[in-house]
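Every number here is computed from the coordinates shown, using simple stated rules; none is lab data. Just so it is clear, the model here is predicted, and its values are computed rather than measured. Every residue, glycine as well, gets a Cβ built from its backbone with ideal geometry; the counts of neighbours run over all protein chains shown.
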Amino acid sequence: MVDAEAMAAALAALRAGDVIGLPTETVYGLAADASNPAAVARIFAIKGRPSSHPVIVHLADLAQVPLWAREVPPAAVALAERFWPGPLTLVLPRAASVPLAVTGGQDTVAVRVPSHPVALAVLRTFGGGLAAPSANRYGRISPTTAAHVREDLGHDVPIVLDGGPSAVGLESTIVSCLADGVRVLRPGHIAADAISDVVGALLGPPDETTPRVPGSVVSHYAPHTPVDLVAPDAVADALQAHIGAGRRLAVLAPASPTIEAPAIVCWLAAAADPDVYGHDLYAHLRTLDQAGADVIVVARPPEGHRWVAVLDRLTRAAAR
């Protein structure tokens with residue numbers, strides 16, 4: 001647990017309109033007072049994030065949601081009671097007092113109650129909502145440790161609360177609960193079938209009419225090194241082709257190396273379990289990105305509902 005001195009410094013910074021690095025169970029967030037437009041603008045400036053992209057407001061409990069949403073449908077209450085505190089974000093109609101800087105100019109607001117004890121302690125003592133997108137430069141690999149935050153953001157964020165490695169390692173599932181029904185807008189640790197078990201049938205995938213949410217652009221979560229996402233049975237051919245083109249390679253694949261070549265500078269074994277894979281994914285991508293390779297070759301994980309979030313992150317990381 002974070003010591004009292006660090007906690008006091010973090011709370012003082014938040015109340016002064018500054019930003020801090022905040023651990024959550026999903027990834028580390030870059031947190032600021034969500035009711036303070038200038039503080040929220042500081043988040044966008046540090047990240048280099050487009051102002052049209054909404055941020056998630058983190059709350060201490062369900063009772064605070066009506067301060068941020070003008071309507072809280074029964075489906076939203078049911079999902080909150082089932083999954084909060086935890087890695088689920090609800091998109092609801094925005095209350096009039098919510099700054100448009102938080103919502104990306106939209107009439108909806110995204111809220112969640114994190115389960116990390118440090119995040120909850122900060123939220124309960126602070127007393128208000130905290131806008132907290134991932135604590136990294138926009139479009140890059142999300143941080144799952146305090147060291148990742150310091151590595152990415154350096155002196156721009158002098159206070160980073162160290163709550164240990166993130167337990168989940170992937171961003172929250174985002175679900176809209178609006179007049180048209182319930183829809184998954186971003187996959188995460190909580191799969192769509194778990195959502196439908198609570199609220200019944202879900203609407204179809206997001207389209208141009210649904211609210212914009214974090215992490216929905218084509219290229220995101222990306223290392224600096226290009227990622228080549230290939231079918232599992234095509235890994236050997238992809239490696240040979242890259243080696244033949246004179247490229248140095250870093251690899252994330254479930255099997256041990258079948259090709260021994262000086263060009264393969266790093267090989268990490270991918271987990272067979274989707275929760276473990278998701279937990280390790282961003283740390284693995286950082287390691288591979290720092291290996292000095294020209295290309296990161298990743299074996300595409302299996303299909304299936306439990307792999308949807310991992311595949312979403314890898315597909316966006318590989319997009320250029």
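Subtracting the Cα-Cα distance of GLU303 and THR209 from their residue separation scaled by 0.36 nm leaves 31.1 nm. Taking each residue as 0.36 nm, the span from VAL218 to ALA236 lengthens on full extension beyond its C-alpha to C-alpha distance by 3.8 nm. Listed values for the stretch 217-228 are Karplus-derived 3J(HN,Hα) couplings in whole Hz (6.51 cos²θ - 1.76 cosθ + 1.60, θ = phi - 60°), namely 6, 4, 10, 6, 6, 9, x, 5, 6, x, 10, 10, and x replaces Gly and Pro. Here is how the number arises for the chain: DSSP H runs of 4 or more residues each give -39500 (n - 2.57), the sum is divided by the residue count, and the result at 222 nm is -9000 deg cm²/dmol. Put a dot 7 Å past the Cα of GLU71, heading toward its Cβ, do the same for ALA261, and the two dots end up 5.8 nm apart.
Taking every C-alpha pair closer than 8 Å and separated by at least 6 residues, the mean separation divided by the residue count of the stretch 11-136 gives a relative contact order of 38 percent.
Rounded to the nearest 20, the size of the Cβ-charge dipole of the stretch 227-318 about its Cα centre is 200 debye, with Lys and Arg at +1 and Asp and Glu at -1. Candidates THR225, SER172, VAL297 compared by Cα position along the dipole of the stretch 167-320: farthest toward the positive end lies THR225, with charges placed on Cβ. The computed Rg and Dmax of the Cα atoms in Å for the structure shown corresponds, within [x] 19.8, 61; [y] 21.4, 65; [z] 28.1, 117, to [x]. As an equivalent ellipsoid, the stretch 1-122 spans semi-axes of 22, 19, 12 angstrom, where each value is the square root of five times an eigenvalue of the C-alpha gyration tensor, largest first. Site pair TYR138 and ASP275 shows an inter-label distance of 3.5 nm when each label is modelled 7 Å from Cα along Cα→Cβ. Under the convention that each Lys and Arg Cβ holds +1 and each Asp and Glu Cβ holds -1, the size of the dipole of the chain around its Cα centre is about 660 debye.
In percent, rounded to a whole number, the relative contact order of the chain is 19, using alpha-carbon pairs under 8 Å and six or more apart.
The simple spin-label model puts a point 7 Å past each Cα toward its Cβ; for ALA201 and SER51 those points are separated by 4.2 nm. Nearest 0.05, what FRET efficiency do ARG247 and ALA38 give at R0 = 51 Å with Cβ-Cβ as r? Efficiency, rounded to the nearest 0.05: 0.65. The residue among PRO87, LEU281, ALA32 whose Cα reaches farthest toward the positive pole of the charge dipole of the chain, with charges on the beta-carbon of Lys, Arg, Asp and Glu, is ALA32.
Other residues within the sphere of radius under 12 Å centred on the Cβ of GLU71, judged by their own Cβ, net out at +1 (K and R +1, D and E -1).
From the square roots a ≥ b ≥ c of the eigenvalues of the alpha-carbon gyration tensor of the stretch 227-318, which class results: rounded (a/c under 1.5), prolate (a/b over b/c), or oblate? Prolate.
Within the listed set ALA34, ALA121, ALA179, the residue fluctuating most in the Gaussian network model of the chain (springs between alpha-carbon atoms under 10 angstrom) is ALA179. The three principal axes of the Cα atoms in the stretch 131-240 give end-to-end lengths of 46, 43, 27 Å, sorted in falling order.
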